[in-house]
1. Restricted to the stretch 266-316, and to residues that are in contact with a Phe, Trp or Tyr (Cβ under 6 Å, 6 or more places away or on another chain) and within 29 Å of Gly130 (Cα to Cα), which residue is surrounded by the most Cβ atoms within 10 Å (Cβ to Cβ)?
2. Regarding the stretch 142-156, can at least one residue be identified that is in contact with a strand residue (DSSP E or B) (Cβ under 9 Å, 6 or more places away or on another chain), within 30 Å of Gly303 (Cα to Cα) and assigned by TED's automatic domain parsing to the domain that holds Pro301?
3. Those residues that are within 17 Å of the chain's Cα centre (by Cα), within 15 Å of Glu286 (Cα to Cα) and crowded, with 24+ Cβ neighbours inside 10 Å, I need them from the stretch 326-344; list them, please.
4. Of everything in the stretch 595-607, what is crowded, with 24+ Cβ neighbours inside 10 Å and in a helix (DSSP H, G or I)? Give them in sequence order.
5. Going through Pro530, Pro478 one at a time, which residue ends up being under 27 Å from Ala548 (Cα atoms) and out of contact with any strand residue (DSSP E or B) (no Cβ under 9 Å at 6 or more places or on another chain)?
6. For a quick check of your reading: which strands (runs of 3 or more DSSP E) sit entirely within the stretch 68-156 and have at least 3 residues that are buried (at least 20 other Cβ atoms within 10 Å of the Cβ), in contact (Cβ under 8 Å) with a residue 24 or more places away in the chain and among the aliphatic types (A, V, I, L, M)?
7. How many residues does the stretch 160-196 hold that are in a loop (DSSP other than H, G, I, E, B) and under 19 Å from Met266 (Cα atoms)?
Amino acid sequence: MTPSLLTSLLAAGADAPPFAVIRREREPVLDVLVGEVVDVDLLADIPLDGAEVLALVPFRQVRERGFDALDDGAPVRCLVVRERETVPVPEAIEALPRHPVVVDDLDVDVSDEAYAELVRRVIDEEIGRGEGANFVIRREFAGSTDAAAPIAVLGWMRALLEHEQGAFWTFAVHTPGLAAVGATPERHVSSIDGLVSMNPISGTFRHDVLTEADAAAASVDDRLHAFLHDVKEREELVMVVDEELKMMSAVCPDGGRIRGPYLKRMSRLTHTEYLLEGFSDLDPREVLRRTMFAPTVTGSPMGNACAVIARRESTPRGYYAGVFARFTPTARGYDVDAPILIRTAYVRDGRVSVPVGATLVRHSDPVGEVAETRAKAAGMLTALGALPRAATSAASTPVDDARHESLLAARNDHLAAFWRAPQQAHERRGVSALVIDANDDFTTMLAHQLHHLGLDVRLVPWHEAPDAASEDLVVFGPGPGDPRDGDDPRIARMRGLLAARLETGRPLLAVCLSHQVLADLAGLPLAPLPTPRQGVQIPVQVFGETAAIGFYNTFSAIGPHASITPRLDLEVASDPATDVVHALRGPGVASVQGHLESVTSPDGLALLERLVDGVLSPTALVP
């Protein structure tokens, strides 16, 4: 049977009405959706009035979470579906244009040399100064075409269907003034019958062999095995899992569980990925708002990552790193399925652009990150006809799956079991806790673990925290930045709140940045570490017990192990060789440098419970 709706779109050419054509991963059919376009300002305004809706959500929408973004005025563009057709993939491929439109005049906005220098500056000036663990900085390949946008994106979609593999969605969309085509590997978030899923993908193995010496030195299988052993790639994935668990903890009352890791194979790249799952009864638009946007395209912590992007990128992102959200009506309301807008080409007035980015961490090699951006762009640029198609693909080269699967599974041996298993809450203790967020959503995970331990938890941002909290326990959270910077309003406020709580003699716990501020109040010096510890797991001695804990810090307090601080009379737990302080404690007071809530902390929950029990002992519960 000839696909009638798809055929009519092709026949209409430049006059085609707004449409989207979508194939989800491994589905034998694709959906052809035609409708009318409605632009809205806020996610809450997406018109869920009974019809299916597709929404292109731009990166600037992250401002709804209070984060920075360069503003290009891009709207939330909604396609309200009025007609639809389902077409088997072979029939669709046959109907789509046979010869993709070629893109000419290919260029890149940031040269290889300039991008490599930018990588160095971000590592030195952002990660090296405690602004965050990782950041994604984009560059953009661009060219031109004389073809009508509707025909161009449908022709390029055929090339992607024929030659790309492993895409979560392959799609083409046409709206007035904007068309796009993509093969995105990564779901950002879905909420189907209350099951919320996120799919962090990070770590990139390039199938291309850079030199003949490389080809002679190792097979694709051996190179892939070495990639899976690479510390930088492993830490990169775990850091984005942590960041998305923060979001899951904000969306799902019972937190999230991780599954994986898995390999995601595409035509020119293989990635590593996890799947995160939890349950929520939130409106799907609110699920989307609370999870803007994926750390795999921004960095962490999210707020500072957006600020760094605004500082380091010279132009707005448009729809790159946003999502293409499909809202489907159901008996209980709406489901949403939202892949990330990456590996996507945009067409505006004959200009074709392909934005790509690389995740920059402390181990990043600038030359390697340049090559990664080119490899990420290559699949799309090949479909556009801007690059020649390779005769063979390393993706089809046989590899030893069992060898790699066992190595992937072994990664979980070093992760927190709490986030990999059903989370049964303890009986309620009748104890209240206030958690103060210092601009790092790790506090959502921390609050979730405290709730799991039986506490009644309230979470507030630092600028809304009360001067005198009535809760039985106040937990001062982690955050980015230099703890010595008294001119930073956030640091100054956290210092004042800590001092006020200490004066009451009532229980408190301080984590990471707040631990450093407490150490400063206690008279210990603070100093930058020789090498930032971002996403690093270290076994440390904490008051007589060894605990494997994840660290995300650039600065540290310094003090001899088992000493007493010059002020506040706190006991110090530190590395005997370096005097780097791991924790402090005193009557009703405890602090820890590591992130006990992190997926990189297999002993984190047990240590958190020990510290909480210590500060909540009867002698600490002073009225």
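The values are calculated or read from the model by the stated rules, or taken from the named source; none is laboratory data. Bear in mind that the values here come from a model prediction, so they are computed numbers and not experimental data. Positions of Cβ are generated from backbone atoms using ideal geometry, with glycine treated the same way; all protein chains shown enter the neighbour counts.
1. My answer is Gly299.
2. yes
3. The one that is within 17 Å of the chain's Cα centre (by Cα), within 15 Å of Glu286 (Cα to Cα) and crowded, with 24+ Cβ neighbours inside 10 Å: Ala338.
4. So in the stretch 595-607, the residues crowded, with 24+ Cβ neighbours inside 10 Å come out as 595-601, 604.
Selection gives Gly604 alone.
5. Unique residue meeting the criteria: Pro530.
6. Filter on the stretch 68-156 gives 76-88.
7. 7
Every residue, every condition in (1) at pLDDT 95 or above; (2) among the polar types (S, T, N, Q); (3) out of contact with any Cys (no Cβ under 6 Å at 6 or more places or on another chain); (4) under 30 Å from Cys306 (Cα atoms), yes or no:
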residue: Val102; (1), (2), (3), (4): no, no, yes, no
residue: Glu117; (1), (2), (3), (4): yes, no, yes, yes
residue: Glu162; (1), (2), (3), (4): no, no, yes, no
residue: Ala167; (1), (2), (3), (4): no, no, yes, yes
